[in-house]
Structure formats: structure tokens, C-alpha cells
Amino acid sequence: MGQSDVLERPDVDVSNTTDDDTPKMFHYVRKNKIAESAVTGNFVVALCGETFPVTKSPKPGSPVCPDCKKIYDQMKKG
């Protein structure tokens, strides 16, 4: 998977939310799966292995999954 295949801004894991439905963290997922998931409700797989349907987009400054960030940063270097 090349760098261009990964969304630079992560998408949300809605199974990992707070009581007010604000996500605790966002995950990096493959770009080509985001729109499909948003339309069909199919689950996506984040770089860290978490699976969830895409239902929200992150806002600037949103917390990012540390495992996804580490994997993404390694991919950028490679």
C-alpha cells in the first residue's frame, strides 16, 4: 500500500466514543474505502487493525490513534 492510498486525515472509529458521541480518537484508513463505507455502511480496516463503519470526519486538532500514526509515519519514511 503506497502513501497515496492512505488518507492523510484519519477517519473515526465510532465504536470508541464518549457519552456525548464525540469520538475518543480517529484512525487512518485507506482512501478508496472511505466513500464506500460512508454510503453502504460497510466496515473499514484502520492501519492499526480496528474495524468500524465511517460515519464522521475529524476536525482539525482531533486526537489520532497512536498506533495508526506510528504506522503511517513509518510508511511515509519508507
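The values are calculated or read from the model by the stated rules, or taken from the named source; none is laboratory data. Fair warning: this is a prediction, and the values are worked out from it, not measured in the lab. Here the Cβ positions follow ideal geometry from the backbone for every residue, glycine too, while neighbour counts run over all protein chains shown.
A compact table of results
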read-out: Residue satisfying all of: in the range 21-37; in a loop (DSSP other than H, G, I, E, B) and at pLDDT 85 or above; surrounded by the most Cβ atoms within 10 Å (Cβ to Cβ) among these; value: Y28
read-out: Residues (among the charged types (D, E, K, R), touching a helix residue (DSSP H, G or I) at 6+ places or on another chain (Cβ under 9 Å) and surrounded by 12 or more Cβ atoms within 10 Å (Cβ to Cβ)) located in the range 38-78; value: E50
read-out: Subset of the range 46-78 (residues that are farther than 16 Å from R30 by Cβ and among the small types (G, A, S)); value: G61, S62, G78
read-out: Residue check for T51: modelled with pLDDT of 90 or more, over 14 Å from the mean Cα position of the chain (by Cα) and of a type in the set (S, T, N, Q); value: no
